[in-house]
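Engineer: One structure follows; several queries about it will come next.
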């Protein structure tokens, strides 16, 4: 199958090679999903309580996620990229809507349920900050592709920064700092892949370091804050303070301590499936890694991280093998997203970083997170099956 698409203002010819379907990537993704079903089941105590409503929903999310991945894999990603402006507008609309009609949980407004839109009888909801991740990957890949020849132009970089900053700010005010940072990491990964000059990156780092020092000063002097109280909620600051000094607020550190205790209890090989004896709040999503550590020990933790690493590496391999610029950016952005979320989730579960809500890719419960991750992987598979057609080919 050969497609004619218009990219970067020019007519290009692409060839779809379905024989290049990445079975290694698919195998590891499906393996992680199946393992995640057992882990969520363990967190929900299905061996005692039977199939709970949350566990049934998780199975539905996984099944539909696989269908989404396959659909995205066999749809030409270049066709999807044509609608990048519409996707950007939809992204902003959802992020604004959630601030006004979103359902609030734990002082945050992150979900839009159909009931919020006046549709009664259905409890289905979405998390717009999750959808921002794949929207960012698509519209930023297309925008950078259109500006490929002027990527180092200061005005182009300013436009890129503005396009990325608007959704990041809207996510931060929900507030969802971890999701905002994840979107920023996706943008940075794509800019690296687009080969932006190092001098611009060094300039950003030079500006960022003094700001981080100011943030730390503000955090340690809560009575006379200069800027931190304007961009972070008190509970977010509290999480950072208790991470620095757990003994200052044992109640706030309780969840992290229980997670560390659960992981420690697994020792080398774990206590076995459904044998986690340490109860960890929200262990079915943000702290699923604690269940893995308790039941499969150090070996299981390393195995899961290794499997996710294979998925990340496959994404970057596809990115650097692709001779389609926009496809290269999509694959790299997806790899960066999965790598960062894994790093952050594991770091939080082990107490290495302050507590923040972010799921472990492919493993944790959460419909929006699973669907978006699977859709992004599907796009990467589509990129892997696409190459520019030689002028000597029919």
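The values are calculated or read from the model by the stated rules, or taken from the named source; none is laboratory data. The structure presented is a predicted model; accordingly, all values stated were derived computationally and were not measured. Every residue, glycine among them, receives a Cβ derived from its backbone with ideal geometry; neighbour counts consider all protein chains shown.
Engineer: With the requirement that a residue be under 20 Å from residue 363 (Cα atoms) and assigned to a helix (DSSP H, G or I), what does the stretch 265-289 give you?
Structural biologist: Of everything in the stretch 265-289, those that are under 20 Å from residue 363 (Cα atoms) and assigned to a helix (DSSP H, G or I) turn out to be 266, 288, 289.
Engineer: Here are 350, 359, 334, 269: which of them is modelled with pLDDT of 95 or more and either surrounded by 24 or more Cβ atoms within 10 Å (Cβ to Cβ) or in contact with a helix residue (DSSP H, G or I) (Cβ under 8 Å, 6 or more places away or on another chain) (or both)?
Structural biologist: 334
Engineer: Please tell me if residue 196 is more than 18 Å from the chain's Cα centre (by Cα) and at pLDDT 80 or above.
Structural biologist: Criteria met by residue 196.
Engineer: Kindly indicate which of 187, 212 is farther than 25 Å from residue 289 by Cβ, in a helix (DSSP H, G or I) and touching a residue at least 24 places away in the same chain (Cβ under 8 Å).
Structural biologist: 187
Engineer: Looking for something surrounded by 13 or more Cβ atoms within 10 Å (Cβ to Cβ) and farther than 22 Å from residue 376 by Cα - is there at least one such residue anywhere in the stretch 176-192?
Structural biologist: Looking through the stretch 176-192, none of the residues is surrounded by 13 or more Cβ atoms within 10 Å (Cβ to Cβ) and farther than 22 Å from residue 376 by Cα.
Engineer: Of all residues being surrounded by fewer than 23 Cβ atoms within 10 Å (Cβ to Cβ) and touching a residue at least 60 places away in the same chain (Cβ under 8 Å) in the stretch 337-347, which is farthest from residue 312 (Cα to Cα)? Just the residue, please.
Structural biologist: Here the answer is 344.
Engineer: If you don't mind, there's one more thing I want to ask. Does residue 380 meet the test of being closer than 26 Å to residue 268 by Cβ and part of a helix (DSSP H, G or I)?
Structural biologist: Against the criterion (closer than 26 Å to residue 268 by Cβ and part of a helix (DSSP H, G or I)), residue 380 does not qualify.
Engineer: From 67, 33, grab the single residue that is loosely packed, with under 15 Cβ neighbours inside 10 Å and either part of a strand (DSSP E or B) or modelled with pLDDT of 90 or more (or both).
Structural biologist: 67
Engineer: Would you point out which residue out of 133, 57 is modelled with pLDDT of 80 or more, under 19 Å from the mean Cα position of the chain (by Cα), within 25 Å of residue 291 (Cβ to Cβ) and surrounded by 15 or more Cβ atoms within 10 Å (Cβ to Cβ)?
Structural biologist: Step by step, each of 133, 57 is checked, and only 133 is modelled with pLDDT of 80 or more, under 19 Å from the mean Cα position of the chain (by Cα), within 25 Å of residue 291 (Cβ to Cβ) and surrounded by 15 or more Cβ atoms within 10 Å (Cβ to Cβ).
Engineer: For residue 233, which of the numbered conditions (1) within 25 Å of the chain's Cα centre (by Cα); (2) under 30 Å from residue 320 (Cα atoms); (3) surrounded by fewer than 18 Cβ atoms within 10 Å (Cβ to Cβ) fails to hold?
Structural biologist: So residue 233 meets the others, but not (2).
Engineer: Still on this structure, I have one more. Taking the stretch 240-253, which residues are within 17 Å of residue 280 (Cβ to Cβ) and touching a helix residue (DSSP H, G or I) at 6+ places or on another chain (Cβ under 7 Å)?
Structural biologist: Within the stretch 240-253, 242, 246, 252, 253 qualify.
Engineer: Assuming residue 226 fulfils every condition listed in (1) without any contact (Cβ under 8 Å) to a residue 60 or more places away in the chain; (2) part of a helix (DSSP H, G or I) apart from one, which condition is it?
Structural biologist: Result: residue 226 passes all but (2).
Engineer: Suppose the filter is closer than 18 Å to residue 36 by Cβ, crowded, with 18+ Cβ neighbours inside 10 Å, modelled with pLDDT of 90 or more and out of contact with any strand residue (DSSP E or B) (no Cβ under 9 Å at 6 or more places or on another chain); does residue 315 pass it?
Structural biologist: The answer is no for residue 315.
Engineer: Can you pull out the residues in the stretch 281-296 that are surrounded by 20 or more Cβ atoms within 10 Å (Cβ to Cβ) and without any contact (Cβ under 8 Å) to a residue 60 or more places away in the chain?
Structural biologist: 290, 293, 294, 296
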